[in-house]
2 protein chains.
Amino acid sequence: MNSRQRFLAACRREETDRPPAWMMRQAGRYLPEYREVRSGSTFLGMVHDSDRAAEVTMQPIRRYGQDAAVIFCDILVPPAAMGMDVEFIEGQGPVLGPPIRNREAVDRLQDFDANDATGFLGDSIRKVRAELGDERAIIGFCGAPFTVASYMVEGQSSRNFENTKQMMLGDPETFDRLLTRVTDNSVGYLKMQADAGADVLQIFDSWGGALSAEVYRERLFPHVQRLVAEAKGFGVPAILYVNGCSHLLEVMADTGADVLGIDWRVNPAEAIARVGDRVALQGNLDPCTLFAPPDVVRREAAKNLDAFTDQRGYIFNLGSGILPKTPLESVAALWETVLGSPLPEAATA
Amino acid sequence: MNSRQRFLAACRREETDRPPAWMMRQAGRYLPEYREVRSGSTFLGMVHDSDRAAEVTMQPIRRYGQDAAVIFCDILVPPAAMGMDVEFIEGQGPVLGPPIRNREAVDRLQDFDANDATGFLGDSIRKVRAELGDERAIIGFCGAPFTVASYMVEGQSSRNFENTKQMMLGDPETFDRLLTRVTDNSVGYLKMQADAGADVLQIFDSWGGALSAEVYRERLFPHVQRLVAEAKGFGVPAILYVNGCSHLLEVMADTGADVLGIDWRVNPAEAIARVGDRVALQGNLDPCTLFAPPDVVRREAAKNLDAFTDQRGYIFNLGSGILPKTPLESVAALWETVLGSPLPEAATA
C-alpha cells in the first residue's frame, strides 16, 4: 500500500496499514527552503508561478515524506479571478478591495473560466504529479463559500465578521446571492484541479465556526452541500474542514463530505461517537503543541493517534495550519512519531 | 420584584417575573456619552478615576434601565497590580511588559493588597451603589486565570497563544505556578469587590475556549474551581463566562459556578439539556446581530428569549461583549424587546 493508496483508502473508510498523514500549510514559512524560494517575491507571485508553487509543494514531502502533498495556493485566488483586488501585506494579511457590501457590488463580480484565469494552479498540480508519480496523493482545495465571502465583504481578516453578518441578517437575499456566486465559481475551480490530477479536494471553512449550527444549517449548508456534491461528482473524495467546529459536526456530516477535518478543541472520542459512523475524520493535534520540546511533541502526537484508533477512516493532521515560527526539531519529532519510519536525511537539516 | 431581586433570583435558579438582563461591555464605546467622558484621557486613566468609572457604569442604566450594572474596569488591572507594565494602545489593544516567559519572571511578580493597589475599583462600586440604591444589581468581575495568564505570557492579544501553550506543555510547573499566582491575587481582588458592594462576581475566561475540554480540565479547572469557591464564599453568586464554550459546558458546570455565561455558538436547547439542571444560564445573542436593522434585532432577540423559556435560572445577555461600532437604534430595539417596557426617554437620544 503506497501513500496515495493509503490516503484514498482512509477517505473511503477502508482498512489502512497505518493512518495516512499530512499537515495544513505544510508548504510554508516554517521551512527555511520555503523562505529561500519565497525571498524577493510576493506571496501571490509565488502562487502564480507554477514552477515555484510546485517546488514549495514538494519541499515538505522531500524533507519528511508525508502521504499527501497539498498544492501551494490560496483560498483568495477565486475572489481575485472574480475581479477583486487582492493583496497580501506582510505582517497584516490579505487586503481585498473594494469590499462587497451591497447587491450592485455582488452583481459586478465576474464569473471566471478556471482554465483561463487560474490555469497556473492546474500547471502546478501537473508539475507536482510529474515529480510524485502515483506514489503520493495530491490535495487540491478551495475556501468554503462563507469563508471566501467573509473576506470579500470585510475586505480583510476579521475577528467578528460584523459586516458579513450584517449583510447576512439585514439583506439575506444579497448575501445568499454572494454565496451562490462564490459557489458557482468554486465548482469550476475545483473541477479544473481534479482534471489536472488532484486526488482529493478539501474545502476550507476557516471561519464557519463563527456561526451557530442553526445559522450554518439555514444559510451556508445548501451551498456547502452543493460544492461537496460537485467535488464528489468529479470522482474524488471531498474533505470539509471547519475551524472551531465542535458544535457543527452533524451539519458538516450532513453535507455528504467523505472526510471531516476537525480542530484541536474537538474531543476525538466525541467526534467518533457523533459522526464517525458515516464520515472519515481528519485531525486534530493543536498546532501550538509543536512549540513544545520534541519529547512532549512525541507524547502528544502518540496520544492523538491513539485517540482515533477506533475510527474507521482516519487521516492524521493538525487541528489547523502549522504556524510560521514553529521550530523544526519539533516538526521532525512529529513526523518520526506519525509516519513511524526513519525520516529522509534532509529532515533535520 | 425589583431588578436586583430579579437578577439574584435568576442566579439562584428561583422564579422571576421575566428574565433579568444586562450586556457585556454595556459601559463602552458604542455610547456617545461614554466617548464624551472618555475623550482626552486614557482607558486606564478612566479605570483609575472612580468618579468617571462610576459615571460610565451608570450611563447604560440611565439610558436603557438594564437589571444590572457591570462596573467599568478591565481584566488587566490585576497584572498591572502584580507589577507588569500595562498599556492600552488605540487600535491595537493591550500591551504588557515584559512578557512572563520563565520561572524567574513568574517569581518576580508581586502579590498585591486589593484595597491598597486597586481601591479605586472599590470606590467605583460604592459610588455606583450610592446612585443605584438597592434597585439594581452590581456585577464585579475578574479575568479567569488562563485568560489573564495568556496576556501576561504573550504580552498582547494573541490569535493562537503559542507562547502560552509552549509554557503550558514545555514547563507545566511554571505555568501552573503562574496560574496559582494569578488566582491567589484574584481572590483578594474579588473579595474587595464583594466587600464594596458587588452583588455578583463574573469570571471572564475570554480565551479558555482555545483549549480542549481535556486540557481545560487538567490544567485550568483546579484554579477556576478555587476562584469560584472563593467568590461564593464571599456570599455572592459566581458567573463563569467562557467565549467559544460549546465543548466545555460540563467542565464549566463542574467548577460549581452558579451561572454559566455562554457564547452565541452554543445551541440554547443543547446547553439546557447538558447542564441546565444544575446551573443558571446567561447569554447568548450574537453581538453582530446588533448590526442588523431594528426589526431583525427585535425578531432575533425574541427568538433568543424564547429559546431559554424552559431554563430555570436564565439571564439575558449577548454571547460576547457589544462591539464599539454598534448602531444605537439597534441597541434600543434590543432593550425594548428584552426589558419589555418603554425605555427611558434618553434611550434614543
Problem - Charge sum, other residues only, whose C-beta stays under 13 Å from residue A:250's C-beta, Lys/Arg counted +1 and Asp/Glu -1 - result: -2
Completion exercise
Largest-first semi-axes in Å of the equivalent ellipsoid built from the Cα gyration tensor of the range B:133-248 are 26, 14, 13
Exercise for the section: Sort the range B:1-149 into rounded, prolate or oblate with this rule: let a ≥ b ≥ c be the square roots of the eigenvalues of the Cα gyration tensor; rounded if a/c is under 1.5, and if a/c is not under 1.5, prolate when a/b is larger than b/c, oblate otherwise. Expected result: prolate
Completion exercise
The base-10 log of I(q)/I(0) that the Debye equation returns for the range A:131-200 at q = 0.19, 0.20, 0.28 Å⁻¹, one scatterer per C-alpha, is -0.77, -0.81, -1.18
Practice task
Could you work out how far helix A:328-339 tilts from the main Cα principal axis of chain A, as a 0 to 90 degree angle to the nearest 10?
Solution key: 80 degrees
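Considering only the other residues whose Cβ falls under 13 Å of the Cβ of residue B:194, what net charge follows from Lys and Arg at +1 and Asp and Glu at -1? Walk me through the intermediate numbers first.
Working: positive: B:126, B:129, B:191, B:232; negative: B:195, B:199, B:230.
That works out to +1.
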Problem - Virtual spin-label span in nm between residue A:218 and residue B:214, 7 Å along Cα→Cβ - result: 3.5 nm
Exercise for the section: Could you tell me which of rounded, prolate or oblate describes the protein assembly as shown, using a ≥ b ≥ c as the square roots of the eigenvalues of the alpha-carbon gyration tensor, with rounded for a/c under 1.5 and, failing that, prolate when a/b is larger than b/c and oblate otherwise? Expected result: prolate
Handout entry: Peptides ranked, highest mean first, by Cβ atoms within 10 Å: ranges B:162-169, A:234-241
Key = B:162-169, A:234-241
Exercise for the section: Using only Cα atoms, locate the centre of the range A:186-226 and the centre of the range B:147-163, then give the distance between them in Å, rounded to an integer. Expected result: 32 Å
Practice task
Using only Cα atoms, tell me the angle between helix B:172-196 and the longest principal axis of chain B; keep it within 0 to 90° and round to the nearest 10.
Solution key: 40 degrees
Problem - 222 nm mean residue ellipticity, helices alone, for the protein assembly as shown (DSSP H n ≥ 4; -39,500 (n - 2.57); rounded to 500) - result: -14000 deg cm²/dmol
Fill in the blank from the handout: Projected onto the charge dipole of the protein assembly as shown (unit charges on the beta-carbon of Lys, Arg, Asp and Glu, signs +1, +1, -1, -1), the Cα from B:203, B:91, A:31 with the largest positive-side position is that of B:203
Fill in the blank from the handout: Taking every residue of B:157-167, the Cβ atoms of other protein chains inside 10 Å of its Cβ average out to 4
Fill in the blank from the handout: Treating every alpha carbon of the range A:3-348 as one equal point scatterer without solvent, the Debye formula yields log10 I(q)/I(0) values at q = 0.12 Å⁻¹ of -0.82
Problem - Proximal charge balance of residue A:329 [Cβ under 14 Å; K/R count +1, D/E count -1] - result: +1
Fill in the blank from the handout: If the label point sits 7 Å along Cα→Cβ of residue A:88, residues of the range A:246-288 with amide N under 12 Å come out as none
Handout entry: Shielding of B:264-272 by partner chains, average beta-carbon count, 10 Å
Key = 3
Exercise for the section: Just check the range A:190-349 against the gyration tensor rule for me: Cα atoms, a ≥ b ≥ c as the square roots of the eigenvalues, rounded for a/c under 1.5, and otherwise prolate or oblate depending on whether a/b exceeds b/c. Expected result: prolate
Fill in the blank from the handout: Measuring from its Cα centre, chain B shows a charge dipole (+1 at each Lys and Arg Cβ, -1 at each Asp and Glu Cβ) which, in debye to the nearest 20, is 340 debye
Handout entry: Pair residue A:105, residue B:277: separation of 7 Å Cα→Cβ label points (nm)
Key = 4.9 nm
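Every number in this text was worked out from the coordinates using simple rules, so none of it is lab data. This is a predicted model, so every value here is computed, not measured. Quick reminder, even Gly has a Cβ in these numbers, built from the backbone with ideal geometry, and neighbours come from all protein chains shown.
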